[in-house]
């Protein structure tokens, strides 16, 4: 019986670590967006030589950044939540409503990831590209959506699982008047 909690604990640590790694990658993507937009401003207004690639590259990096960060936001409970009613509940009820909310997040994210994978398959089968300067393959823009949503679903479930051993993981922000 002791092996099951150890395996679950290891799985939670793995998902938490992967989410943290993806969050760092997202932070790097947003940093690069800042650098290339500053470059574009300098090129456009100082040298009167605007680029054709910065806007689209920044958009692609934003897609990657948002979906890479999603799981970490779910795991740290930094995603958008409305707690007007739940903040007034007793601790056990807050804990169970937080768990139910995370299970709902996991379900929506998993179903969305599933359909995005189908969209990727369609894009690959039909050879779709963006109608833009860079003419990127569509799957390149769809892949972070599928991967980010799948990891967000896993992170939501891992957070629920961890909350049985560490309920403060879900109660701390409500006790401090969280969002």
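The values are calculated or read from the model by the stated rules, or taken from the named source; none is laboratory data. What you see is a predicted model; the values in this text were computed from it and never measured. A quick note on method: Cβ atoms are made from the backbone with ideal geometry, for glycine too, and the neighbour counts reach across all protein chains shown.
Taken together, the criteria place residue 163 among residues that are modelled with pLDDT under 95 and either part of a helix (DSSP H, G or I) or more than 29 Å from residue 14 (Cα to Cα) (or both). May I ask you to say which residue of 8, 21 is within 23 Å of the chain's Cα centre (by Cα), modelled with pLDDT of 95 or more and either at positive phi or surrounded by 12 or more Cβ atoms within 10 Å (Cβ to Cβ) (or both)? Criteria check complete, one pass: 21. Among the residues of the stretch 95-112, those that are closer than 12 Å to residue 157 by Cβ, surrounded by 17 or more Cβ atoms within 10 Å (Cβ to Cβ) and over 13 Å from the mean Cα position of the chain (by Cα) comprise 99, 102. Within the stretch 66-81, the set of residues being touching a residue at least 40 places away in the same chain (Cβ under 8 Å) and farther than 13 Å from residue 151 by Cβ comprises 77, 80, 81.
Here residue 76 meets each of (1) more than 28 Å from residue 169 (Cβ to Cβ); (2) surrounded by fewer than 17 Cβ atoms within 10 Å (Cβ to Cβ); (3) within 23 Å of the chain's Cα centre (by Cα) with one exception, condition (1). Residues in the stretch 131-150 that are surrounded by 14 or more Cβ atoms within 10 Å (Cβ to Cβ) and either free of Cβ contacts under 8 Å to residues at least 40 places away in the same chain or more than 21 Å from residue 60 (Cβ to Cβ) (or both): 137, 138, 139, 142, 143, 146. For the condition within 20 Å of residue 140 (Cβ to Cβ) and in a loop (DSSP other than H, G, I, E, B), residue 81 does not qualify.
Is it true that some residue in the stretch 46-54 is touching a residue at least 60 places away in the same chain (Cβ under 8 Å) and part of a loop (DSSP other than H, G, I, E, B)?
Here is the first cut: in the stretch 46-54, the residues touching a residue at least 60 places away in the same chain (Cβ under 8 Å) are 52-53.
Now narrow it down to the ones that are part of a loop (DSSP other than H, G, I, E, B): 52-53.
Within the stretch 46-54 (the criterion being touching a residue at least 60 places away in the same chain (Cβ under 8 Å) and part of a loop (DSSP other than H, G, I, E, B)), the answer is yes, since at least one residue qualifies.
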